[in-house]
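For reference, the structure is listed below as structure tokens.
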Amino acid sequence: MTVTIALPSKGRIRDGSIEAFEAAGIQISAVGNERSYRGRIDGIENVEVAYLSASEIARELGRGSIDIGLTGEDLVREDVAALHSRVAFRSRLGFGKADVVVAVPEVWFDVDTMADLGDVAADFRLRHGRRLRIATKYWSLTQQFFSAKHGIQVYRIVESLGATEGAPASGQADIIVDITSTGSTLKANHLKILTDGVILQSEVCLVEALKDRTEEDRDTIESLVSRIEAALGPA
Ligand SMILES: Nc1ncnc2c1ncn2[C@@H]1O[C@H](COP(=O)(O)OP(=O)(O)OP(=O)(O)O)[C@@H](O)[C@H]1O
Ligand SMILES: O=P(O)(O)OC[C@H]1O[C@H](OP(=O)(O)OP(=O)(O)O)[C@H](O)[C@@H]1O
């Protein structure tokens, strides 16, 4: 059998992923020409490398169509349903760090916590004739955090696939749930993070799809995981 390992083909976590493999002494060579989206690991016969986008890696891990992948924890937690039965986070790799946060307009002076926001959400329809709108691409993380964790049930998610921080100013939403690293985009858009509004501290992880495997494939995976862990640290 063949073990398929997926690495980001582009974007902000691509270079760090390649460096992680180099640090572990794992050499990848392209199959076919230099622009090929498939590769092999030198010295290990039964491994195929697939280059996919960060969010495709999360999705394919959930489907079990790849065996291991390097991608952001936020994307895996957002995209994979029944997470614990489908994937295992094997190592946290220490790069691609960013927080998924709840942010509200700075001018909401009396709203600093999720409890304050819960009060606002409860009164919103009475005051404004509609539910509180949250702009985000993180539907699932938002629902888990608002409904399951904080018991806030009355809100509406407005899907936003880009420039989410602009949604409150443009009137498309009231508040946002988005990723932040330096905080400068939030600041530029006059938004503040609620004091208990950090939903997830994400970073790039080495993630394994949970499925039945031959002993040889399991050994191959364990050997790759331990080489990367030795170079970059365990989960
Ligand atoms: N400042 C940041 N802004 C957005 N994402 C960040 C940031 N810092 C780290 N990340 C992480 O980078 C990952 C997304 O990377 P990137 O946006 O490059 O992917 P992509 O290839 O564009 O994704 P897609 O699969 O949607 O095309 C996420 O896991 C995210 O948590
Ligand atoms: O906290 P900061 O350091 O300001 O980073 C956060 C911002 O960076 C990303 O957007 P980016 O402009 O990179 O575009 P993208 O949404 O296409 O990834 C992300 O979506 C946030 O908007």
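For segment 1-22, residues that are assigned to a helix (DSSP H, G or I), out of contact with any Gly (no Cβ under 9 Å at 6 or more places or on another chain) and within 16 Å of ligand 2 (Cβ to nearest atom) total 2.
The residues of segment 16-36 that are hydroxyl-bearing (Ser, Thr, Tyr) and at pLDDT 85 or above, listed by number, are SER17, SER29. Filtering segment 82-128 to residues that are crowded, with 18+ Cβ neighbours inside 10 Å and aromatic (Phe, Trp, Tyr) leaves only PHE124. Screening segment 152-235 for helices (runs of 4 or more DSSP H) wholly inside it with 3 or more residues that are open to solvent by less than 30 Å² (accessible area, probe 1.4 Å) and in contact (Cβ under 8 Å) with a residue 40 or more places away in the chain returns the ranges 215-232. For segment 28-59, the set of residues classified as within 16 Å of ligand 1 (Cβ to nearest atom), more than 22 Å from THR214 (Cβ to Cβ) and assigned to a strand (DSSP E or B) consists of TYR51, LEU52, listed by residue number.
Only a single item in (1) touching a Gly at 6+ places or on another chain (Cβ under 7 Å); (2) of a type in the set (A, V, I, L, M, F, W, C); (3) closer than 19 Å to LEU132 by Cα is not met by LEU194, and it is number (1). Looking across segment 94-137, the residues that are among the charged types (D, E, K, R) and in a helix (DSSP H, G or I) come down to ASP116, ASP119, ASP123, ARG125, ARG127.
ARG131 satisfies every condition listed in (1) in contact with a Phe, Trp or Tyr (Cβ under 6 Å, 6 or more places away or on another chain); (2) touching a residue at least 40 places away in the same chain (Cβ under 8 Å); (3) surrounded by fewer than 18 Cβ atoms within 10 Å (Cβ to Cβ) except (2).
Residue-by-condition table, conditions (1) closer than 14 Å to GLU203 by Cβ; (2) within 16 Å of ligand 2 (Cβ to nearest atom); (3) of a type outside the set (A, V, I, L, M, F, W, C); (4) without any contact (Cβ under 8 Å) to a residue 60 or more places away in the chain:
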{"site": "ASP67", "(1), (2), (3), (4)": "no, no, yes, no"}
{"site": "LEU70", "(1), (2), (3), (4)": "yes, no, no, no"}
{"site": "SER85", "(1), (2), (3), (4)": "no, no, yes, no"}
{"site": "SER91", "(1), (2), (3), (4)": "yes, no, yes, no"}
{"site": "ALA98", "(1), (2), (3), (4)": "yes, yes, no, no"}
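All told, GLY25 falls short of being part of a loop (DSSP other than H, G, I, E, B), farther than 15 Å from ILE68 by Cβ and either among the hydroxyl-bearing types (Ser, Thr, Tyr) or within 16 Å of ligand 2 (Cβ to nearest atom) (or both). Residues of segment 183-205 being more than 17 Å from the chain's Cα centre (by Cα), among the β-branched types (Val, Ile, Thr) and within 13 Å of ligand 1 (Cβ to nearest atom), which ones? Scanning segment 183-205 gives a single hit, THR185.
The values are calculated or read from the model by the stated rules, or taken from the named source; none is laboratory data. All values reported here derive from a predicted model rather than from experimental measurement. Cβ: placed from backbone, ideal geometry, glycine included. Neighbour counts: every protein chain shown. Note: areas computed on protein heavy atoms with side chains; ligands, DNA, RNA excluded. Shrake-Rupley method; radii C 1.70, N 1.55, O 1.52, S 1.80 Å.
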